[in-house]
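Structure record follows, encoded as structure tokens.
Just so you know, all these numbers are worked out from the coordinates, no wet-lab data involved. Keep in mind that this is a model prediction, so the values were computed, not measured. Reconstructed Cβ throughout: ideal geometry from the backbone, glycine too, with neighbour counts over all protein chains shown.
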Amino acid sequence: METNICAVILAAGRSSRMGTLKQLLPLAGRPILEHVIQRVLEENFSKVIAVIGCQADAVQEAIHIDDDRFQWVINKDYQLGQSSSLKLGLDHLAPNDMNVMVFLGDLPFITKETVHSIYETGRTMLTAYSEPFVLRPDYEGRAGHPVFFGLAEKGFFHRLQGDEGAKPLLKTIQTHRYIRVQDEGVVFDIDTPAAYEQAKEKRSINNI
């Protein structure tokens, strides 16, 4: 039987550093978040969840996704931080769907090849390991996204708190593996006006 691998995209925040809702900022004619969603949907995930919160109605009105695997999840408590969005997204997965890749909604430059490499390596590790593991891309010594959580039990993530995402739980998983990539997109997040200006200059290079 094929093992389910799901994806959760975290995109619920207020964009306080940007000063405006970064999820909907245009990049090559489409909102930043739409680029992320479409990139994720290119991979063979069994389910893709995008967790939104701040101005959720505006996000859903601006971005229309026609894919049966895709689902919006609205985090009304997004002020509690990224961890609340991650927990909520995972709560919408079935107990047997706890092999999950976590994406951030402000990293639109991750390449299709990087997503596929993490996906396939994680899928192979699922057959070789019996304990939870974490798999991440590494760009020039910097750990990036997406993060693959394999063989994790659903309750494992309920201990998350605050705005650090899964960082505290990463320390509790013994098996960590990194894949070196030549893809700056795994660490290039668009969370400030300066980063947005850089993104608009980069778009042609990255074929967005």
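The C-alpha atoms of the chain define a longest principal axis, and helix 82-91 lies at about 60 degrees to it. For the chain, the longest principal axis of the C-alpha atoms and the axis of helix 193-202 are separated by about 80°. Subtracting the Cα-Cα distance of R180 and K76 from 0.36 nm times their residue separation leaves 33.8 nm of extension gain. Here the simple spin-label model places points 7 Å from the Cα toward Cβ, and for H116 and S16 these points are separated by 4.0 nm.
Taking only the Cα atoms of the stretch 2-118, the radius of gyration and Dmax are 13.5, 44 Å.
Ordering 87-94, 138-145 by mean Cβ neighbour count within 10 Å, with the highest value first, yields 87-94, 138-145.
Name the residues of the stretch 101-126 whose amide N is less than 15 Å from a point 7 angstrom out from the Cα of R30 along the C-beta direction? Backbone N within reach: 105-113. Where does the chain land on the Kirkwood hydrodynamic radius, alpha-carbon pairs, in angstrom? This gives a value of 17.1 Å.
For the chain, a Gaussian network of Cα nodes joined below 10 Å ranks D66, D191, D106 by mean-square fluctuation, and the top entry is D66.
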